[in-house]
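The values are calculated or read from the model by the stated rules, or taken from the named source; none is laboratory data. Computed from a predicted model, the values in this text were never measured in an experiment. Please note: Cβ atoms are built from the backbone with ideal geometry, for glycine as well, and neighbour counts cover all protein chains shown.
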């Protein structure tokens, strides 16, 4: 994602990071395509929990995802969609080349319930494992759109942060490139955000919708 970072530096050379976390603008986002790679995959992990109703976060997240889709090479990129809310996450779309289908799916995501972020990462890992078997050399990018208010463990007695750390490390070991788009303007969940940013080695950690 170095093209993204170069674009950000050019546009915001004088910008001071807020609380140590840089803010990335829509127009700074680029997905690198390498000619020698015949296939790549972008997985969108969308938070559809009730907290995303605050400050219209879900609509903003959807807008970001749809904007990013407009910059994707239709012939080279596979797309997948996972949404999480209530008690679990759901794979809404397995890898496909149809941008129209994923656009429709993203637009129709409802918003309700708690935030099972750990299960979202678990579903993402399932997609990654399957895709790696089909194309071990393919580039995979994970785009997380969430306010990071994780509050549902994988098991009844599970520890959420521990689960997130383990899953994030497992995903990172698969050589996955990650973009985390934080939809919380107040950045109240910095603990989870920083945990994921570190363990996933995310290219960026937050997004300013202002």
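Against the condition modelled with pLDDT of 95 or more and not in a helix (DSSP H, G or I), how does residue 82 come out, does it pass? Walk me through how you get there before you give the answer.
On the way: modelled with pLDDT of 95 or more: yes; not in a helix (DSSP H, G or I): yes.
Yes; evaluated as a whole, the condition is true for this residue.
So residue 32 passes all but one of these: (1) exposed (fewer than 13 other Cβ atoms within 10 Å of the Cβ); (2) at pLDDT below 50; (3) in a loop (DSSP other than H, G, I, E, B). Which condition number does it fail?
Only one criterion in (1) exposed (fewer than 13 other Cβ atoms within 10 Å of the Cβ); (2) at pLDDT below 50; (3) in a loop (DSSP other than H, G, I, E, B) is unmet by residue 32, namely (1).
Out of (1) closer than 15 Å to residue 111 by Cα; (2) within 14 Å of the chain's Cα centre (by Cα); (3) modelled with pLDDT under 85, what's the single condition that is false for residue 53?
The single condition residue 53 does not satisfy is (2).
Under 26 Å from residue 56 (Cα atoms), surrounded by fewer than 23 Cβ atoms within 10 Å (Cβ to Cβ) and at pLDDT below 95, is that true of residue 151? Explain how you work it out, then say what you get.
Working: under 26 Å from residue 56 (Cα atoms): yes; surrounded by fewer than 23 Cβ atoms within 10 Å (Cβ to Cβ): yes; at pLDDT below 95: yes.
Taking the combined requirement at face value, the residue satisfies it.
Residue-by-condition table, conditions (1) at pLDDT 95 or above; (2) under 14 Å from the mean Cα position of the chain (by Cα); (3) under 23 Å from residue 199 (Cα atoms):
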| position | (1), (2), (3) |
| --- | --- |
| 72 | no, no, no |
| 91 | yes, yes, yes |
| 102 | no, no, no |
| 108 | no, no, no |
| 111 | no, no, no |
| 118 | yes, yes, yes |
| 136 | no, no, yes |
| 155 | no, no, yes |
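Against the conditions (1) buried (at least 19 other Cβ atoms within 10 Å of the Cβ); (2) touching a strand residue (DSSP E or B) at 6+ places or on another chain (Cβ under 9 Å); (3) assigned to a helix (DSSP H, G or I), where does residue 167 fall short? Just the number, please.
Residue 167 satisfies every listed condition except (2).
Go through the range 90-116 residue by residue and tally those that are out of contact with any strand residue (DSSP E or B) (no Cβ under 6 Å at 6 or more places or on another chain), in a helix (DSSP H, G or I) and over 16 Å from residue 76 (Cβ atoms).
6
If the requirement is being touching a helix residue (DSSP H, G or I) at 6+ places or on another chain (Cβ under 8 Å) and touching a residue at least 60 places away in the same chain (Cβ under 8 Å), which of these qualifies: 93, 164, 142, 154?
Working: 93 fails: touching a residue at least 60 places away in the same chain (Cβ under 8 Å); 164 fails: touching a residue at least 60 places away in the same chain (Cβ under 8 Å); 154 fails: touching a residue at least 60 places away in the same chain (Cβ under 8 Å).
Result: 142 is the single residue among 93, 164, 142, 154 that is touching a helix residue (DSSP H, G or I) at 6+ places or on another chain (Cβ under 8 Å) and touching a residue at least 60 places away in the same chain (Cβ under 8 Å).
Any idea which of 98, 51, 85 is over 14 Å from residue 142 (Cβ atoms), crowded, with 21+ Cβ neighbours inside 10 Å and without any contact (Cβ under 8 Å) to a residue 40 or more places away in the chain? It would help to see each step written out before you state the result.
Details: 98 fails: crowded, with 21+ Cβ neighbours inside 10 Å; 51 fails: without any contact (Cβ under 8 Å) to a residue 40 or more places away in the chain.
From the options 98, 51, 85, the qualifying one is 85.
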